[in-house]
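Reviewing the structure listed below.
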Amino acid sequence: MKRSEINQIIVEVKDFVKAHNFTLPPFAFWTLEDWRARGEECREIVDAGLGWDVIDFGLGKFDEIGLVLFTIRNGVWDDKRYPKPYCEKALIARENQLTPDHHHRLKTEDIINRSGATLCLKLQQATPDGRLLDDPVSVSIDGEVCEFSANETVSLQPGQSICLVPYLHHRFWAEGGPVLMGEVSAVNDDVGDNVFIPDMTRFPETIEDEPPIHLLCNDYKRFGILQ
Ligand SMILES: [Fe+2]
């Protein structure tokens, strides 16, 4: 994606999040200059991959297939400096914008419709060798066991949440308008724990056509932050 497109999306998302009475932490608003004025005390933000994450999965059609995430807190597997066994994110999907088919090998995640329109998901059971089954799936929606056919549409209204366990393959999108989601999960490892079918680029390259308003979580190294 072009940096100008990412900047524009972040500006819009900040307004959207504010309008839905959710407040991101202070580092969501740091500029490159703010980052450069900081030092070791902020290493957790860099090492745990906190912050902005704007993705089009390398497909170049963000409006249709894409997502904005903001990782608020996270741990790092096998790193005692960051012992949090949990992760929290805010996710923002535009109307009809799809987060494509994937599952996680280790991470259990609750996806929460915090505010906005309807959050829709399709679920399928995956196997460790990468097959997708047509069997029904059983999930917890706010503590209630619910059974769905493979690829049946699951609709969540604001306030509702679903628990996605490892190997429960999922895609999701916003219907009827944009949705502000939350994600509460085990430690998030976007480098090693995501299985996209078909394979997708989790961190596509950015074309730098203007300066960043805010850095993305995969920008810290590129901009020399705490290296
Ligand atoms: Fe997921």
Sole miss for Gly192 among (1) under 23 Å from Phe29 (Cβ atoms); (2) part of a loop (DSSP other than H, G, I, E, B) is condition (1)
From (1) part of a loop (DSSP other than H, G, I, E, B); (2) buried (at least 16 other Cβ atoms within 10 Å of the Cβ), pick out the condition that doesn't hold for Ile6. (1)
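From the list Leu106, Leu91, Leu98, pick out the single residue that is within 13 Å of the ligand (Cβ to nearest atom) and either more than 14 Å from the chain's Cα centre (by Cα) or surrounded by fewer than 16 Cβ atoms within 10 Å (Cβ to Cβ) (or both).
Details: Leu91 fails: either more than 14 Å from the chain's Cα centre (by Cα) or surrounded by fewer than 16 Cβ atoms within 10 Å (Cβ to Cβ) (or both); Leu98 fails: either more than 14 Å from the chain's Cα centre (by Cα) or surrounded by fewer than 16 Cβ atoms within 10 Å (Cβ to Cβ) (or both).
From the options Leu106, Leu91, Leu98, the qualifying one is Leu106.
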Filtered residue count, region 185-199, keeping only those that are within 12 Å of the ligand (Cβ to nearest atom) and either without any contact (Cβ under 8 Å) to a residue 60 or more places away in the chain or in contact with a strand residue (DSSP E or B) (Cβ under 7 Å, 6 or more places away or on another chain) (or both): 7
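Kindly check whether there is at least one residue in region 49-69 that is part of a helix (DSSP H, G or I) and under 25 Å from Asp209 (Cβ atoms). Spell out how you get there, then give the answer.
Kept after step one, since they are part of a helix (DSSP H, G or I), are these residues of region 49-69: none.
Within region 49-69, none of the residues are part of a helix (DSSP H, G or I) and under 25 Å from Asp209 (Cβ atoms).
Yes/no matrix, rows are residues, columns are (1) surrounded by 20 or more Cβ atoms within 10 Å (Cβ to Cβ); (2) of a type in the set (A, V, I, L, M); (3) within 16 Å of the ligand (Cβ to nearest atom); (4) in a strand (DSSP E or B):
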| site | (1), (2), (3), (4) |
| --- | --- |
| Ser155 | no, no, no, yes |
| Trp173 | yes, no, yes, yes |
| Gly177 | no, no, no, yes |
| Pro204 | no, no, no, no |
| His214 | yes, no, no, no |
| Gln227 | no, no, no, no |
Could you tell me which numbered condition Phe27 fails, if it satisfies all but one of (1) free of Cβ contacts under 8 Å to residues at least 40 places away in the same chain; (2) buried (at least 19 other Cβ atoms within 10 Å of the Cβ)? (2)
So, in region 109-134, of the ones that are away from the ligand (no atom under 16 Å from the Cβ) and polar (S, T, N, Q), which residue ends up nearest to Pro198 (Cα to Cα)? Thr127
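Every number in this text was worked out from the coordinates using simple rules, so none of it is lab data. Fair warning: this is a prediction, and the values are worked out from it, not measured in the lab. A quick note on method: Cβ atoms are made from the backbone with ideal geometry, for glycine too, and the neighbour counts reach across all protein chains shown.
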